[in-house]
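Derivation of every value follows stated rules applied to the coordinates shown; laboratory data play no part. Keep in mind that this is a model prediction, so the values were computed, not measured. All Cβ positions, glycine included, derive from the backbone under ideal geometry; neighbour counts span all protein chains shown.
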Amino acid sequence: MNLETERLVLRPFDEGDVEAYHRIMSDLETNRFLPWYPTKSLDEARTMMHERAPGDGGLRYAICLKDDLVPIGYVHVSGSDNHDFGYGLRHEFWHRGIVTEASLAVVDQLRKDGLAYITATHDVNNPRSGAVMRKLGMHYCYSYEEQWQPKNIPVVFRLYQRNFDGVDRVWRKYWEQYENHFIEKIEERP
């Protein structure tokens, strides 16, 4: 199902999007805070596009500007028990509110579809991602350090969560899984 906003069309990626997907996934700035390495070829991008397709019951949308419908980024939510919410955008489109606009549309659809909650994490060195999470109505829960794969670097992540069903819960798997976990004082305004 496609979603539309004032400036955007959110739709599934298709075979014709391999070149655009490669532009997103080869962007060094975009991939700085993502776990995988930037793609180096169209073949590698094609493989990644198929591997990242939601096989777990989750959703993945290509973010497209209405004027040309070419993907410039993505929004996804996993179907796993953490309902991990994530996004990425080519860096030349940053600071225009595009990811927030796209993500708000997806979050609204998830809420309408009856999903109980979503979680999201961001590297502490990427506070702008945390600002997007707060604009989506998510709240900081805790931080934890992970040896991030496949880049094999230590990263401190902040976990945010939004409950749609009114139940007061915190998804605690990372808290329990990683020995170095803690709660920071985070300013909650968007």
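Full-extension gain between Glu51 and Glu187, please, as 0.36 nm times their residue separation minus the C-alpha to C-alpha distance.
In short, 45.3 nm is gained.
Can you give the alpha-carbon Rg of the range 118-190 over 2.2 N^0.38 Å, where N counts its residues? Present the calculation step by step, with values, prior to reporting the outcome.
Numbers: Rg = 12.2 Å, N = 73, 2.2 N^0.38 = 11.2 Å.
The reported ratio for this selection is 1.09.
Please get the size of the charge dipole for the chain, origin at its Cα centre, with Cβ charges of +1 on Lys and Arg and -1 on Asp and Glu, quoted in debye to the nearest 20.
It works out to roughly 420 debye.
Using Rg/Rh (Cα atoms, Kirkwood Rh) as the read-out, say which of [x] 0.94; [y] 1.07; [z] 1.01 was calculated from these coordinates.
Computed from the coordinates, Rg/Rh (Cα atoms, Kirkwood Rh) corresponds to [x].
Quick one: divide the alpha-carbon radius of gyration of the range 10-112 by 2.2 N^0.38 Å and tell me what you get.
Against the compact-globule rule of thumb, the ratio is 1.01.
Relative to the longest principal axis of the chain, what angle (0 to 90°, nearest 10) does the C-alpha long axis of helix 98-112 take?
That helix lies at roughly 70 degrees to the long axis.
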